[in-house]
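Worksheet: one structure, shown below.
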Amino acid sequence: MSSCNFKQMFKVLKRLKVSFFILIVFLFFIFLFSRGHIYPPEKLKYGVTFSVKKARDLNLDWQKMFLAILDDLGARRLRLAAYWDEVEPRPGKFQWEDLDWQITQASDRGAEIILAVGGRLPRWPECHFPGWAEALSTAEREEKILAYIKKTIERYKDNKNIIAWQVENEPFLSHFGHCPEFNKKFLDKEIALVRSLDSRPVVVTDSGELSVWIPAARRADIFGTTMYRDTYSHILKRYIHYPINPGFFHFKKNIARLFAHPKKWIVIELQAEPWGPRPWQELTQAERDRTMNLEKFKEIIEFARLAGFREFYLWGAEWWYWEREVNHNPALWEEARRLFRK
């Protein structure tokens with residue numbers, strides 16, 4: 001072998017050695033940051049998100065459903081939404097009756113409430129703007145949103161059962177839903193307004209699978225992530241199972257903690273209902289089973305625990321009730337009931 005070939009081989013081996021060392025360091029970094037504390041089952045806390053809009057879509061008595069969630073299911077942690085289009089259906093004309101009733105019923109039972117405010121709130125189409133706001137300019141619409149938020153906070157800030165205010169819903173997932181272009185400066189105005197009106201914590205949420213968390217967590221007193229495993233992509237036209245394990249969420253939390261310091265990290269939206277190409281009430285049983293059923297429900301509860309969180313707001317109470325009342329299938333409702341009755 002010539003000295004030239006020997007030198008070339010030596011350089012290749014040296015590069016391989018360096019690459020191997022970098023790979024080992026990288027894998028150790030992933031391993032280290034994918035670890036974290038896991039709470040025992042008896043330390044976990046569960047709540048639900050309730051949407052009066054979804055209940056109405058199902059043509060069910062939403063008040064009866066809400067009382068069943070409180071009294072039969074036994075939920076004592078709720079996330080409720082002050083939908084802009086429902087509380088201000090006409091400019092400057094506010095209707096509080098439905099939201100008042102929800103908050104009163106929950107408060108009478110000693111339930112803790114996270115009240116979500118903003119133009120973008122839980123449930124499709126994500127942004128819930130009143131029809132009259134469509135003709136407004138961006139500046140005018142933002143001014144009206146701030147005014148509605150101010151009215152909402154002032155109305156409910158004396159209620160001690162409201163433990164936190166959520167400002168917008170997954171604001172950094174701006175491509176999802178029928179919403180205008182995301183304005184980070186306006187989000188900061190909303191958060192500043194809420195903090196100027198009340199001292200309770202501000203919740204800011206983000207996607208568990210599709211966002212980096214840091215911009216949302218830096219703005220939050222309480223950071224809330226979503227957590228999904230099986231979904232349907234309208235872009236890819238196919239069902240998707242996210243190829244992640246609980247360590248993925250440990251990793252994201254540990255990285256985000258280097259840049260953001262919220263006082264609490266929670267799962268604000270834990271998948272516990274189907275996700276298909278159409279609303280789940282329009283899917284067949286087989287289609288619903290592809291993304292959520294009793295077995296998957298049990299699996300994601302354990303998955304979420306292993307992800308290192310302690311507090312979870314389940315997404316799907318309307319579905320469990322619908323299955324029980326319409327399909328005479330109480331299994332999901334009873335399984336959820338065991339969580340809240342522990």
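The values are calculated or read from the model by the stated rules, or taken from the named source; none is laboratory data. What you see is a predicted model; the values in this text were computed from it and never measured. Every residue, glycine as well, gets a Cβ built from its backbone with ideal geometry; the counts of neighbours run over all protein chains shown. The area values use the complete protein model at the heavy-atom level, side chains included, leaving out ligands, DNA and RNA. Shrake-Rupley method; radii C 1.70, N 1.55, O 1.52, S 1.80 Å.
Residues of region 218-236 being part of a strand (DSSP E or B), out of contact with any Ser or Thr (no Cβ under 8 Å at 6 or more places or on another chain) and either buried (at least 17 other Cβ atoms within 10 Å of the Cβ) or touching a residue at least 24 places away in the same chain (Cβ under 8 Å) (or both), which ones?
Looking only at region 218-236, we keep the residues that are part of a strand (DSSP E or B), and these are 222-227, 230-233.
From the residues that got through so far, the ones that are out of contact with any Ser or Thr (no Cβ under 8 Å at 6 or more places or on another chain) too are 222, 227, 233.
Result: Ile222, Met227.
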_Residue count, region 177-211 (criterion: farther than 28 Å from Trp280 by Cβ, at pLDDT 95 or above and not basic (Lys, Arg))_ = 15
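May I ask you to list the residues in region 161-179 that are touching a residue at least 12 places away in the same chain (Cβ under 8 Å) and either loosely packed, with under 14 Cβ neighbours inside 10 Å or more than 24 Å from Pro89 (Cβ to Cβ) (or both)? Spell out how you get there, then give the answer.
Of the residues in region 161-179, the ones touching a residue at least 12 places away in the same chain (Cβ under 8 Å) are 161-173, 176-179.
Passing the criteria: Asn161, Ile163, Ala164, Glu170, Phe172, Leu173, Phe176, His178.
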*Scope region 41-58; condition over 16 Å from the mean Cα position of the chain (by Cα), farther than 21 Å from Leu121 by Cα and not in a helix (DSSP H, G or I); matching residues*: Leu44
*Among the residues of region 297-310, which ones are in contact (Cβ under 8 Å) with a residue 60 or more places away in the chain and either over 21 Å from the mean Cα position of the chain (by Cα) or open to solvent by less than 50 Å² (accessible area, probe 1.4 Å) (or both)?*
Ile300, Phe303, Ala304, Arg305, Ala307, Gly308, Phe309
*Could you count how many residues in region 144-175 are in contact with a strand residue (DSSP E or B) (Cβ under 8 Å, 6 or more places away or on another chain) and in a loop (DSSP other than H, G, I, E, B)?*
8
*Could you tell me which of the residues Tyr239, Tyr313 is in contact with a Ser or Thr (Cβ under 9 Å, 6 or more places away or on another chain), at pLDDT 95 or above and open to solvent by 10 Å² or more (accessible area, probe 1.4 Å)?*
Tyr239
